[in-house]
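Here is the structure we will look at.
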C-alpha cells in the first residue's frame with residue numbers, strides 16, 4: 001500500500017474512532033440566547049463516572065435555516081452615455097441560507113481513493129424577488145437629493161435546506 005493511501009487510511013480510522021467515541025455519549029440540549037432554541041443544538045460529552053455533563057469542549061451547530069440579515073445596498077443610475085445621474089444607498093433586511101448540514105467521510109473499498117465522501121450543503125430550496133427602497137440619494141456632486149428614492153429588486157432565498165453538494169456554475 002502506498003504511503004499516501006496508508007496516511008489516508010490512518011487519518012480516516014482516527015476520525016472514525018474520534019466520532020465513534022462520542023457516539024454513545026452525546027446529549028443534545030436546546031438553550032436560549034439570541035438564536036431561537038429550535039435553531040440551535042449544543043452537543044456536550046457526558047462523563048460516565050458521575051453522570052454530570054462536561055461542558056468543555058462545547059461545539060455549537062446551527063441547523064440549516066433561512067434567516068434575515070441587514071445589508072447596506074448602493075445602486076448607481078446611469079444616463080444613456082454612461083454618465084452618473086444619481087447614486088442611492090439604503091439598508092434592507094434580506095434572507096440568506098446559513099447553518100450546518102451533516103457530511104461524512106468513511107473508508108470504502110469501492111472507490112479509487114479508498115474513501116467515500118458524502119457532502120451536504122445548506123442552500124436555497126426556492127427563491128423570490130423582493131423590492132427594496134433606497135432612500136438616501138445623491139447627485140454627481142454628492143449633494144443630497146431630498147425626497148428622492150430608488151426602488152430595486154433583489155432575489156433572496158424563500159426557504160433553505162440541506163442538499164448534496166455539487167459544483168454549480
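Quick note: the coordinates plus some simple rules give every number you see, no bench work behind them. Since this is a predicted model, take the numbers as computed values, not measurements. Glycine also receives a Cβ, built like all others from the backbone with ideal geometry; neighbour counts cover every protein chain displayed.
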Label-point gap, in nm, between residue 71 and residue 145 - each point 7 angstrom along Cα→Cβ: 2.3 nm
P(r), alpha carbons of the stretch 64-169 - 10 Å bins starting at zero, rounded %: 13, 27, 22, 17, 11, 6, 2
